[in-house]
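Only one structure is covered here, and it is reproduced in the block below.
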Amino acid sequence: MHDDDPNGSALPPIDAATAASIAERDWGLRGPTRKLGSNQDYNLRIDDARGPVVLKIANPVWERSAIEAQRDALLAVAAAGIAAPAPVGDLRTVEIGGVRLLAHVVSYVVGDPLLDRATFGIAECRMLGETAGRLVDALADYAHPGTDRDSPWDLRVATEVIGRTDPALLARLAEARARLEALVPDLPTQVIHGDVTDDNVVLTAAGEAAVIDFGDLATSWRCAELAVTVASVLGKTSDDVAAVLAVVEAFGDRVRLSDAELTAIWPLVVLRTGVLVACDAELVTAGNAYASARSASETRALETALELDADEMAWLIRGVGQPLAELSLRQVLPAVEPVDLGVTSEVWNDGAWLEPRPWNDRIPRSGGDRAPASRYGEYRLDRARVWSPAGSATVFSLGIEVVLPRGSRLPALPAGVVADGLDADNVVIAPTVWLQACALPGTPPRYVTARAEEVWRRICPDPSPLAGVEVAAPAPDPGTLLTRRDAHLARVQEHYFDRPPQIERGWREFLIDTSANVYLDVVNNVATTGHAHPDLTRAATRQWSLLNTNSRFHYEAHVALSERLAALAPEGLDQVFLVNSGSEAVDLALRLAMTATGRSRILAAREAYHGWTLGSDAVTSSIGDNPRALETRPAWVELMDAANQVRGRHRGPGAAAAYLADLDAQLAGLDTAEIAGVILEPIFGNGGGVHLPEGYLAGVYRRVRAIGGVCISDEVQVGYGRTGHHFWGFEQQHVVPDIITIAKSMGNGQPLGAVITTRALAEAFSADGSFFSSAGGSPVSSAIGLAVLDVMEREQLQENARTVGDHFKAGLERLAGKHDVIGAVHGSGLYLGVELVTDRESLAPATVLAAQVCDALLAQGCLVQPTGDRYNVLKIKPPLVITATSVDFALDALDRVLTRLTR
Ligand code: PMP
């Protein structure tokens, strides 16, 4: 091809009938035809009686010799036992539209392109890698003058090609160019296929990988063959690093590349993704439909390549691409004391992991003579990063750091040990000495991301023999934990995510898994004061050390917490029952209503969740939680419509009157003397924070009271300051209930709930005898409940819920302006919902997308879950300590994920 027309868009218009007539005239081929995609040529499949073939009419930019070279290469490849098209007849010149064009025919390989497979996984990656290796092997001695051509796909000229079309992109690839430059003199060349990808590898009926399309055949760097294939798998599997390494490993089984070539692979992969994006952009501008269909996935591959750490990738590729040295390590250290610096280490309590002070300044000096040493294979919490995608922080330790006396001296180190902190005579010259075993030449990274752990363990093996004792941290194993969970926890006890991270630590609005990935906790309405709040730790520890017992004893905390709750509740609601959960509180509230009224039926809303106990479950009708809920509610429960102003029977903020009219009609058909009361959430929590229409609750309460019933406000989710603008959810509807139920935030995860009611209702309950819940309001629970309220007050968490929550909601509304899939943003303060729909008119729920968004957000470092009867509302209810910076991180992640999933 010629330099001035790198993509060869010079082909005249060709219609299938013309091409078919040429095929018949010049090659005697006849049969049904189908046009095949190509970046530059015209390809027509003809199903001739003797078998299917492809007529290839070459773009005029092709030199004749290049096409001859391709046809010869087909023969060479076939001779090496690789299934490939066979040349049919001669290379000819045909004339179309007054232009003379080269045309030839090859047999059509029948099979499924890997591209078309429903799933593309590690097996396909291995197949591509192996095929690329076999081709390099088959073409090692192949020579033809037609292979020396100027091609934009030759990675030797990648810089020029990208620079010519997209200088801004070239600037982003500077690191890859610099890494490659030093290696160029050591990269051997040969003829390569140049495009071994899932486009061009076809699986035949016999299960054999066949290679098609030799249009990019050219002399180039040998390792470019592998780089092209590696680039082609990026973004196609759920684990890019594993996919890359599978290609490299399978290639390496066929062709042994040098260390320099393997080092060059990653920069070449980055440049290849850049070439594809740059050339595609040019073709798309020129109107090439084939190119524009591909450009989204090519942009994704480029971004993936740039996101992965270049140094890590180079080491990993070297690690799987060649045999590793066998190291023989022996003891060189004096007695050491391994120190746990992992996720659950107490060294990092109270957020110490975020402070810059190094670990060796933090550990208590035992006074013993053993040298403190960090552990190999530790996921170091102090290296974890907040606000980062999972797997992106370099936390995994490939060596050990030992605190040795300055001036002391180590014996000669065995081969393959990399050290720092020692002078040329192995005398200690720094506060700590770093030791790392490495089975490859060079200075490896000390800490890497939590990817490809097994490969790293091979490249940099356990240095324990240097210490003479075990200095390796135990490897985290969330998979085994899941198996153990499945063995003894019934399936109905669900967990978030199919492949859940094992979360063992929290701090403020963050949760941390055993591989030191830090997630922003956007889903937690239990940890109001944030995770691991030191005040709560202290309150719990102190109370445990003093007393914990049942609540029939007389002690301060029980009374003090009840006083505080009574003071927070509206005038007249000053009787408090402390229990252990929301379900328990709801059950008790229902019994209070029934006993006080002497009636047995309860009004409750559809689509609501109130708990799991017999009573609280009876008034729970969410089919999201229980698909049979509507058929199986007991007779004493009377369900009302969910007054959902977004997707309910009546819509809009003025829908209250219509819902109340429906209720009137419903009550008219009931024996209202049986109705003990109503239970409602003042904001639809289960629906994802949907506000009730203005005036609805007041209307319901008026009607229920008029028939002699009592009104229960379930504030388990939406009360306790969460909505920011009010402490209680019912305040938003300008009503005062007769009974309030609370739990969740009240204990910040400690089993603690409460019922708050009037003296009259509480007294009436005596008719049922006494009330006693052994651990409800226990000394420890009460102490924690008091500490939660103290923290909320001191840190002004309701105020934070208002300001940061408003900021969150405004950001979500901004995203709704950008992403059509956001049908509505519900809620207020830090109780928000993002309703995903496939169509804004019909509000058809985007249930599958919601699940995909949550999985993708997990990978981006954000924990979000769907809720609602259709599981299409993202529930946004983070700890109330969340900051605006964290909110912006979540908004950016959601924006990215929605862009990617809905493109
Ligand atoms: N009421 C509501 C509104 C709830 O959301 C829940 C729990 N999701 C409960 C009651 C039950 O609370 P618990 O899980 O503490 O029993």
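The values are calculated or read from the model by the stated rules, or taken from the named source; none is laboratory data. As the structure is a computational prediction, the values presented were derived from the model and not from experiment. Reconstructed Cβ throughout: ideal geometry from the backbone, glycine too, with neighbour counts over all protein chains shown. Please note that ligands, DNA and RNA were not included when accessible areas were found on the heavy atoms of the full protein model with its side chains. Shrake-Rupley method; radii C 1.70, N 1.55, O 1.52, S 1.80 Å.
Figures for the structure shown
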{"read-out": "Matching entry among Leu381, Leu398, Leu435 (being closer than 30 Å to Thr885 by Cβ, touching a residue at least 60 places away in the same chain (Cβ under 8 Å) and open to solvent by less than 20 Å² (accessible area, probe 1.4 Å))", "value": "Leu381"}
{"read-out": "Within the range 615-713, helices (runs of 4 or more DSSP H) holding 3 or more residues that are more than 25 Å from Thr867 (Cβ to Cβ) and not hydroxyl-bearing (Ser, Thr, Tyr)", "value": "656-668, 696-706"}
{"read-out": "Among the residues listed as Gly677, Gly699, Gly708, Gly724, the single one being within 16 Å of the ligand (Cβ to nearest atom) and not acidic (Asp, Glu)", "value": "Gly677"}
{"read-out": "Residue selected from the range 797-845 under the condition over 20 Å from Gln645 (Cβ atoms) and hydrophobic (A, V, I, L, M, F, W, C), by the criterion farthest from the chain's Cα centre (by Cα)", "value": "Leu797"}
{"read-out": "Residue that is farthest from the ligand (Cβ to nearest atom) [pool: residues in the range 742-761 that are among the hydrophobic types (A, V, I, L, M, F, W, C) and over 14 Å from Gly776 (Cβ atoms)]", "value": "Ala760"}
{"read-out": "Odd one out for Pro693 among (1) away from the ligand (no atom under 16 Å from the Cβ); (2) within 17 Å of Glu638 (Cβ to Cβ)", "value": "(2)"}
{"read-out": "Residue in the range 148-163 that is open to solvent by 40 Å² or more (accessible area, probe 1.4 Å), in a loop (DSSP other than H, G, I, E, B) and either among the charged types (D, E, K, R) or closer than 27 Å to Val201 by Cα (or both) present", "value": "yes"}
{"read-out": "Any chance Ser745 is modelled with pLDDT under 95 and either part of a loop (DSSP other than H, G, I, E, B) or farther than 18 Å from His558 by Cβ (or both)", "value": "no"}
{"read-out": "Condition met for Thr757 (in contact with a Gly (Cβ under 7 Å, 6 or more places away or on another chain) and crowded, with 21+ Cβ neighbours inside 10 Å)", "value": "no"}
{"read-out": "Matching residues in the range 198-222 - criterion: being in a loop (DSSP other than H, G, I, E, B) and either open to solvent by 40 Å² or more (accessible area, probe 1.4 Å) or more than 29 Å from Leu183 (Cβ to Cβ) (or both)", "value": "Thr204, Ala205, Ala206, Gly207, Glu208, Ile212, Asp213"}
{"read-out": "Any hit, the range 311-332, residues being open to solvent by 20 Å² or more (accessible area, probe 1.4 Å) and without any contact (Cβ under 8 Å) to a residue 60 or more places away in the chain", "value": "yes"}
{"read-out": "Asn644 vs. criteria in contact with a strand residue (DSSP E or B) (Cβ under 6 Å, 6 or more places away or on another chain) and within 16 Å of the ligand (Cβ to nearest atom)", "value": "yes"}
{"read-out": "Candidate set: the range 424-438, residues that are in contact with a strand residue (DSSP E or B) (Cβ under 9 Å, 6 or more places away or on another chain) and part of a loop (DSSP other than H, G, I, E, B); chosen: the one farthest from Gly377 (Cα to Cα)", "value": "Asp425"}
{"read-out": "Residue that is nearest to the ligand (Cβ to nearest atom) [pool: residues in the range 602-626 that are polar (S, T, N, Q) and open to solvent by 10 Å² or more (accessible area, probe 1.4 Å)]", "value": "Thr613"}
{"read-out": "Hits in the range 509-543 (condition: crowded, with 21+ Cβ neighbours inside 10 Å and among the β-branched types (Val, Ile, Thr))", "value": "Ile512, Thr514, Val518, Val522, Val523, Thr528, Thr529"}
{"read-out": "Complete set of residues in the range 74-101 that are within 25 Å of Ala49 (Cα to Cα), crowded, with 19+ Cβ neighbours inside 10 Å and in contact with a Pro (Cβ under 8 Å, 6 or more places away or on another chain)", "value": "Leu74"}
{"read-out": "Meets criteria (open to solvent by less than 20 Å² (accessible area, probe 1.4 Å), under 34 Å from the mean Cα position of the chain (by Cα) and of a type outside the set (D, E, K, R)) for Ala168", "value": "no"}
{"read-out": "Subset of the range 727-741 that is farther than 21 Å from Met792 by Cβ and outside any loop (DSSP other than H, G, I, E, B) - its residue that is nearest to the ligand (Cβ to nearest atom)", "value": "Ile739"}
{"read-out": "Given (1) open to solvent by less than 20 Å² (accessible area, probe 1.4 Å); (2) within 16 Å of the ligand (Cβ to nearest atom); (3) assigned to a helix (DSSP H, G or I), number of the condition Val780 does not satisfy", "value": "(2)"}
{"read-out": "Entirely in the range 439-512, the helices (runs of 4 or more DSSP H) that have 3 or more residues that are out of contact with any strand residue (DSSP E or B) (no Cβ under 7 Å at 6 or more places or on another chain), of a type in the set (D, E, K, R) and free of Cβ contacts under 8 Å to residues at least 40 places away in the same chain", "value": "478-488"}
{"read-out": "Counted residues, the range 582-596 - those being open to solvent by 40 Å² or more (accessible area, probe 1.4 Å) and within 8 Å of the ligand (Cβ to nearest atom)", "value": "1"}
{"read-out": "Residue that is part of a helix (DSSP H, G or I), touching a residue at least 12 places away in the same chain (Cβ under 8 Å) and open to solvent by 20 Å² or more (accessible area, probe 1.4 Å), where the choices are Arg564, Arg552, Arg599", "value": "Arg564"}
{"read-out": "Verdict on Leu901 being touching a residue at least 12 places away in the same chain (Cβ under 8 Å), part of a helix (DSSP H, G or I) and open to solvent by 30 Å² or more (accessible area, probe 1.4 Å)", "value": "yes"}
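A quick yes/no check of all residues on (1) open to solvent by 20 Å² or more (accessible area, probe 1.4 Å); (2) closer than 29 Å to Leu276 by Cα:
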| residue | (1), (2) |
| --- | --- |
| Leu11 | yes, yes |
| Ala17 | yes, no |
| Asp26 | yes, no |
| Gly37 | yes, yes |
| Leu44 | no, yes |
| Arg50 | yes, no |
| Val53 | no, yes |
| Lys56 | yes, yes |
